[in-house]
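Participant: Have a look at this one before I ask anything.
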Amino acid sequence: MISVKWYNTCYMCRSPLDYAVAIDKNDLLKFYTYSNFKPKNFIFNTSYLKIIGLKQRRLCLSCFCTKYNKELPGPRQLMNRETGCRKPLIKNSDTTMSTQEVYNWFEGFNEFRFRKDIDELVNENYRYATPGLTLVVWPGLS
């Protein structure tokens, strides 16, 4: 059994941040193997703090690196919006993973760990290859 949680959401794009996974000790080597077969990067879904409007907000890495900070549009931005030349307010939003993408990745792990040939695929030499994801090994979770 596996339990996936996130603890924060991005202030600008509302993507989930700070994922944590509780996994059974028996499935740990299977998870290492799966993360090496299908690598995923959770670095963009970690929280970074930024001051916006005299308040400290949690942002994903993509929103943290952009220069647009939920500002009110001026007359030029309104003119561009009305004429169809509007630039996106948030750039690089495709690098953060949505809840559905993370759900699909962990659903793939659930299918992977119940394969018939899992013993042939699991290798002791695989390393943890999922940066930005907190992994908690919990004995007797299943």
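We did not get these values from a lab; they are worked out from the coordinates using the rules stated. Quick caveat: nothing in here was measured; it's all calculated off a predicted structure. So basically every Cβ, Gly included, is an ideal-geometry build from the backbone, and we count neighbours across all protein chains shown.
Participant: Given a Förster distance of 22 Å, report the FRET efficiency between Thr134 and Ser98 from their Cβ-Cβ distance, rounded to the nearest 0.05.
Facilitator: Result of the calculation: an efficiency of 0.70.
Participant: For Asn123 and Thr9 in one chain, what is 0.36 nm times their gap in residues minus the Cα-Cα distance, to one decimal in nm?
Facilitator: 37.5 nm
Participant: Another one. Determine the dipole magnitude for the chain: charges of +1 sit on the beta-carbon of Lys and Arg, -1 on that of Asp and Glu, nothing else is charged, the reference point is the Cα centre, and the result goes in debye to the nearest 20.
Facilitator: Once rounded to the nearest 20, the dipole reads 960 debye.
Participant: Using the scaling law 2.2 N^0.38 Å as the reference, what is the normalised Cα Rg of region 1-60?
Facilitator: 1.43
Participant: Could I ask something else about it? Considering every Cα-Cα pair within region 2-138, what fraction, in whole percent, is farther apart than 26 Å?
Facilitator: I get 39 percent for the Cα pairs in region 2-138 exceeding 26 Å.
Participant: Please list the non-local residues whose amide H lies under 5 Å from the amide H of Ile52, H modeled 1.01 Å from N, same-chain partners needing a gap of 5 or more.
Facilitator: So Ile52 has HN proximity to Arg57.
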